[in-house]
Structure formats: structure tokens, C-alpha cells
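Working notes for the structure below.
None of the figures in this text is laboratory data; all of them are computed from the coordinates on show. Computed from a predicted model, the values in this text were never measured in an experiment. Methodologically, a virtual Cβ is constructed for each residue, glycine included, from the backbone with ideal geometry; neighbour enumeration extends over all protein chains shown.
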Amino acid sequence: MSEIKCINLGYVVPKDKADEVLELFKTHAAWMQEFYSDSNDGSKYLISSFFTKADEFVNPADPSQGLTGNVVFTINERFTSMDSVKRHVENAMKNDYFPKFGEIMEKYGVARSLGGEIYHSIR
């Protein structure tokens, strides 16, 4: 697993802004779907990708305490190498939506990992 590198991003977004963020992340996901398609040799660079969305709990260990009013988003991508991560970033930045992507990361990003290593994995 040592060659595999990851991008993992976490965002905490106020509920009233969540739809706007979701739409942008769907745009990025659609770009990734095409960019990493089999016809583009995508599996040579990207191993897997998943994006998540969930309401944020005040205390996840005690859900009865309710919700914060925020939505947590994550973007999780596994690449074949650090060169593939760099390739991804370089190409993603060419998209017309990317300035908004950066703005959302600056405003709501709480965790930003580029080139992370997997130290444990099941399946």
C-alpha cells in the first residue's frame, strides 16, 4: 500500500449553504467520472473515489443531543502514486468551477490532506 496516495478533504457547512456546496461537489464528481473513465485510462491513476454528506451531531457518541445545524462533507480519493495526485490537482484546477471549489475549501474546509498514506485498510 505504500505507493498509494490519497486526497481526503473534510468540510463543515451551515445547512443553508449545503445545497450550493453539494452542487459544486457533484460538478467535480461528474468531471472525475469523465476524466477517469476507462477510455481515458483512468484506472492507471485513480483507484477509487467517494464523496459523503451527513448532518453533524452535537455529540456523535450521544445522538440524542441533536444536530448542530451543519452538514459534514468529505471527499476521499485514492490514487496510484503521488504523481497521480499531482496530475489530478493540475487538471482539476483547469476547470471553470475550480475557483469556487477553492473558495469553499477556504471557507468551510476543516481537514485537508494531500498525498496521505493509508496505514490501515479493510477491503
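Miscellaneous remarks
- Distance in nm between pseudo-label sites at SER113 and SER37 (7 Å out along the Cβ direction from Cα): 3.1
- If you plug the beta carbon distance of LYS94 and GLU56 into 1/(1 + (r/R0)^6) with R0 = 35 Å, you get a FRET efficiency near 0.60.
- Expected-Rg normalisation [2.2 N^0.38 Å, Cα atoms] applied to the chain: 1.14
- Angle in degrees between helix 98-108 and the longest Cα principal axis of the chain, rounded to the nearest 10: 40
- Cα-based helix-to-principal-axis angle, 18-35 vs the chain, degrees rounded to 10: 10
- Nearest-ten-degree value, helix 82-92 long axis tilted from longest Cα axis of the chain: 70
- When each of LYS5/LYS26; LYS17/LYS53; LYS26/LYS94 is checked by Cα-Cα distance, pairs over 21 Å: LYS5/LYS26
- FRET efficiency for SER121 and THR27, using Cβ-Cβ distance with R0 set to 25 Å, rounded to 0.05: 0.30
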